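S.K.: First the structure, which I've put down as structure tokens, then a few questions once you've had a look.
Values quoted throughout were computed directly from the atomic coordinates according to the rules given, and no laboratory measurement underlies them. Not measured: the values here are computed from a predicted model. Note that we place each Cβ from the backbone using ideal geometry, even for glycine, and neighbour counts take in every protein chain shown.
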Amino acid sequence: MKQYYDTFSTPMGEFSVALDNYGSVIATAFGGLYELRQRYSHDETIHDPARVAPVRQEIAEYFDGKRKVFTAKLSPSGSMFQSNVWSVLRRIPFGQTRTYGQIAVEIGNEGAARAVGRANATNPICLLIPCHRVIGVDGALTGFAFGEEIKTFLLDHERSLSPTLV
């Protein structure tokens, strides 16, 4: 099966997006094609900026402070448990965070915080499925595949654009 990708600049460096034949996002990565290919099973990967343009536009709007919700069609590949976790991640509001334990409770398995952490770590579609919004119970910025600097930037960016929560 063919996949299509593009790599483009963001305030945090290169960002890459891969789409399937149907135009659904199957993977994203901070970095180039090499980093992107680490996040999905790939066959023939074709550079196609035009096909990726709508997703690229949404990401540019996010970094410009004009978009808080992504509407691109997503098709991450994972187990049922991972899919459940990723679904909860997509519901974390822009500018807010949740702990691994809170997500475990939300999926109905309060003892699964470590498994939630692992599912979060294997999220193939960073940013659009906002795994960066998950933090440790003590507020620590634990585990982000692309490093604490990018996670901090993303959280600060969102908080700066969000109304103060009371």
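S.K.: Among the lysines, select those whose C-alpha is under 17 Å from the C-alpha of Lys151, and discard any that sit fewer than 8 residues away in the same chain.
M.R.: Hits, sequence-local ones excluded: Lys68.
S.K.: Between Gly13, Gly101, Gly32, find the one with the highest GNM mean-square fluctuation for the chain; connect C-alpha pairs within less than 10 Å.
M.R.: Greatest mean-square fluctuation among the candidates belongs to Gly13.
S.K.: Right, something else. Based on alpha-carbon atoms only, what is the radius of gyration of the stretch 114-163 relative to the globular estimate 2.2 N^0.38 Å?
M.R.: Its radius of gyration relative to the 2.2 N^0.38 Å reference: 1.11.
S.K.: Using just the helices of the chain, give the 222 nm mean residue ellipticity in deg cm²/dmol: DSSP H runs with n ≥ 4 each add -39,500 (n - 2.57), and the total is spread over all residues, rounded to 500.
M.R.: Helix contribution divided over all residues of the chain: -11000 deg cm²/dmol.
S.K.: Moving on. Under a straight-distance cross-link criterion of Cα-Cα below 29 Å, which lysines are reachable from Lys2, leaving out those fewer than 8 residues away in the same chain?
M.R.: Within the straight-line limit of under 29 Å, Lys2 reaches these lysines: Lys73.
S.K.: Given the options Asp20, Asp43, Asp156, state which has the largest fluctuation in a GNM of the chain using a 10 Å cut-off (strictly under) for Cα springs.
M.R.: Among Asp20, Asp43, Asp156, the largest mean-square fluctuation in the Gaussian network model of the chain belongs to Asp43.
S.K.: May I pose another question? For the chain, give the magnitude of the charge dipole about the Cα centre (Cβ charges: +1 Lys/Arg, -1 Asp/Glu; no others), in debye to the nearest 20.
M.R.: On the way: 17 positive and 17 negative charges, 74 e Å.
Magnitude of the dipole: close to 360 debye.
S.K.: Given axes a ≥ b ≥ c from the Cα gyration tensor, I'd like to know whether the chain is rounded (a/c under 1.5), prolate (a/b larger than b/c) or oblate.
M.R.: Because a/c hits 1.5 or more and a/b fails to exceed b/c, the chain counts as oblate.
S.K.: Continuing with the same structure: May I have the convex hull volume per residue, in Å³, for the Cα set of the stretch 2-63? Don't skip to the end; give the middle numbers.
M.R.: Working: hull volume 4.2 nm³, N = 62.
Convex hull volume per residue, Cα atoms: 69 Å³.
S.K.: Taking the stretch 80-161 as the region of interest, what is the percent of Cα-Cα pairs per 5 angstrom bin, listed from the shortest bin to the one with the maximum distance?
M.R.: Each 5 Å bin holds this share of Cα pairs: 3, 17, 31, 28, 15, 6, 1.
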